[in-house]
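For reference, the structure discussed in these notes is given below.
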């Protein structure tokens, strides 16, 4: 289901070089034994309610994630993709399209004291941007 919104839902935090969805709940802090997602602020989190794919402007964000499983090797859940078209002229004035998604996390990368998911695959049960059925993103934020 595609919903178009002309309302801005993103709050940019340029001083920190990251973007945050207004009103989004905080993710849970990571236990050292957990496989994590490294968010735009460089924090290690487990089962985040949102994952910002494009940290510079938050134009691609998966939010309202409900995780059905979270293991050391993979995670699955459902959520909503907010996709800023940056049209008609700029991302600030862009139209945000909303899509239902199934989220899968995988491709674990490990280093001393951290294991992190580095790939997110989205499946669009009702069609996605440009009629896509799936999309894959690399999660490569640095730990700070």
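Taken together, the values in this text are just the output of simple stated rules run on the coordinates, not laboratory data. Not measured: the values here are computed from a predicted model. When we count neighbours, we look across all protein chains shown, and the Cβ atoms used for this are built from the backbone with ideal geometry, even at glycine.
What the table shows:
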item: Segment residue 92-residue 133, extension gain: residue separation times 0.36 nm, minus the distance between their alpha carbons; result: 12.1 nm
item: Hydrodynamic radius of the stretch 26-144 per Kirkwood, over alpha carbon pairs, in Å; result: 14.6
item: Amide N proximity, the stretch 58-97 versus residue 119 label position 7 Å along Cα-to-Cβ, cut-off under 14 Å; result: 73-75
item: Full-stretch length increase - residue 66, residue 78 - with 0.36 nm per residue and alpha-carbon distance subtracted; result: 3.8 nm
item: Ordering of 43-51, 108-116 by burial proxy (mean other Cβ atoms within 10 Å per residue, highest first); result: 43-51, 108-116
